[in-house]
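**Student:** Okay, handing you the structure first.
Read-outs: derived from the displayed coordinates by stated rules, not from any lab. Here the structure is a predicted model, which is why all the values come from computation and not from measurement. Reconstructed Cβ throughout: ideal geometry from the backbone, glycine too, with neighbour counts over all protein chains shown.
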Amino acid sequence: MGQIPDLKDRPTLKSLTDWVTKAKGFRFSIAIVVGGILLTGVAAVYTLKYAQQRPSASSAAPSPPPPTIKSVTALGRLEPDGEVIQVSAPSSLEGARVEEILVSEGDWVRANQVIAVLDNRDRLQSDLDIAKKQVAIAQANLAKVKAGAKPGAINAQTAKIGRLGVELQGEKDAQQTNINSLETQLIETEKAEDAKIQAQEKSIESKQAAIESQKAIITAQSTSVNRLKAALDNAEEDFKRYPQLVADGTISESEFKRRSLGVETARGLYEEAQANLSQAQANLSQARANLSQEEAKLIEIQANKIQTLATLREKLIQARVNRKKTEDVFQEQIKEGQATLEEIKEVRPVDVKQAEAEVERALAGVQKAQTDLRSLAYVDAKEAGQILKINKRPGAIVEQGKPIVEMGKTDRMIAIAEVYESDISKVRIGQRVTIKSEGKAFTGELHGNVREIGLKIGKKESLSTDPAADVDSRIVEVKIRLRAEDNKRVAGLTYSKVVVEIFL
């Protein structure tokens, strides 16, 4: 009989069948096969049961408790308490220019202190002066109405009207003299500029003629070079046979030297002609450069003419406007004086009330002119603070949405932390805070407490120096009150980036 294989060898069904066919006795073979199958099954059941009873490594070791979060860290910035105040001119003044800046960066200003003057100040001041004159006229008229008609009152009113007429004529004459002067200046300036342009055009023509002359020289010189080159080539070709003629004794040595000297002479003439041609070409390039300079100068003169004449025309237009305005003012005063003259003979309550109303209207005009002057010609600080930045200098145009200066209450600085939306639920009013500079703008730490938690979720404004940082993160702004002693350290660091740690 054959030997029964060991169970640990795990025989396959095929190997068992082969073994059975070799065994002696059919019944014995069947018994061996059945026994092997039973033993294999028992081993499999035992292995499965052992695997189920054995505890896994993950279930045996208890998971550690999550770490306790003690603080929330966020990026942020420093700002004056109440944010940075943008001080601008009224939107109705867009296009006006800044005439004067009365403060410097770093200055402390009071509430309602004037910080800038616009270029409409003189016009508005003139309107105020005219309004005050109207008040004086109205008050004088009221006094006369109350006093009633007196001997000489009519003559006095007539004289006043005449005086206004004289003043009007004097103003007209003065304004007209100024206009005539500007017109004369405009004409003379235009003539002078035209003369400059003509002179420059002649200079350009001269330079162009020089270029054409130089071109003719180059053409002639090129012809000479070609002719001398041909002569040199012929002389050199002819000279090639003379060494052999000397060797053969056909010609003498002196004849050979004479022929050689002729070749050298031809070469010298050719090289000299080439040098002259190069010099002529260089002269042509210089002449063209000179022409370009003269043409550029002509353009500059023409541009200067346009600018100068435009300035004079603008002055002339303004002078005519001023003359018309002056005439209108005096004509109005004369009309009022004439109306007063017609009514001065009789004093009636209705006349007194009318005169008083005229005074009130004139006073209202003064009030309006004063208000316009104060609100439209001057830009003031609405509240006290420090000037952080001056954005507009004298001569700059006032633009809507662009402040003239930026200011803030830097004596009371706050930190604004941009806390992630996922962390904001941990933040509470009054929590202790430490602040460090991200860009080393200040050393050490600042200390404070959470003062206010924002009610709106937005995007980050303080960008991290980490290139992998999420710049589109959703955050809530948290305002932090600094300690009094820390305010002075960062008073000049508006918008400085900081790292904020809020202790929970």
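**Student:** Along the Cα→Cβ direction, 7 angstrom out, place labels at residue 237 and residue 293. What is the inter-label distance in nm?
**Tutor:** Placing both labels 7 Å along Cα→Cβ, they lie 4.7 nm apart.
**Student:** Further question: Nearest 0.05, what FRET efficiency do residue 114 and residue 286 give at R0 = 41 Å with Cβ-Cβ as r? Before the final figure, lay out the partial values.
**Tutor:** Working: r = 61 Å, r/R0 = 1.48.
For residue 114 and residue 286, the calculated efficiency is 0.10.
**Student:** Let's test the formula: R0 of 45 Å, r as the Cβ-Cβ distance of residue 181 and residue 94. What FRET efficiency results, to the nearest 0.05? Intermediate values should be presented prior to the final figure.
**Tutor:** Values: r = 34 Å, r/R0 = 0.76.
Taking R0 as 45 Å, the efficiency between residue 181 and residue 94 is 0.85.
**Student:** In the neighborhood of residue 307, defined by Cβ-to-Cβ distances under 12 Å, what is the net charge if each Lys or Arg adds +1 and each Asp or Glu adds -1? Spell out each step's value before the answer.
**Tutor:** On the way: positive: 305, 313; negative: 193, 300, 314.
My count for the surroundings of residue 307 gives -1.
**Student:** Under 17 Å Cα to Cα from residue 191, which aspartates and glutamates show up? Leave out anything in the same chain fewer than 8 places away.
**Tutor:** Cross-link targets: 183, 201, 300.
**Student:** What pairs from 389/426; 207/305; 426/460; 392/479; 392/436 go past 25 Å between their alpha carbons? If you can, show how the numbers build up before the last one.
**Tutor:** Numbers: 389/426 37 Å; 207/305 23 Å; 426/460 19 Å; 392/479 30 Å; 392/436 33 Å.
The pairs that break the limit, which is 25 Å between Cα atoms, are 389/426; 392/479; 392/436.
**Student:** Let me check I've understood the local charge: for residue 190, count other residues with C-beta under 15 angstrom from its C-beta, Lys and Arg +1, Asp and Glu -1. What total comes out?
**Tutor:** On the way: positive: 191, 196, 305, 313, 315; negative: 183, 188, 193, 194, 314.
Taking every other residue near residue 190 into account, the sum is 0.
**Student:** Could you calculate the contour length gain from residue 503 to residue 302, that is, 0.36 nm times the residue separation minus the distance between their Cα atoms, to one decimal place in nm? Each step should come with its number before you reach the end.
**Tutor:** Details: separation 201, 0.36 × 201 = 72.36 nm, distance 7.19 nm.
Computed gain between residue 503 and residue 302 is 65.2 nm.
**Student:** Excluding residues fewer than 8 places away in the same chain, name every one of the lysines whose C-alpha is closer than 20 Å to that of residue 229.
**Tutor:** In chain and number order, the partners are 240.
**Student:** Still on this structure, please answer the following. Determine which aspartates and glutamates satisfy two conditions relative to residue 202: a Cα distance under 12 Å, and not lying fewer than 8 residues away in the same chain.
**Tutor:** Filter leaves 294, 295.
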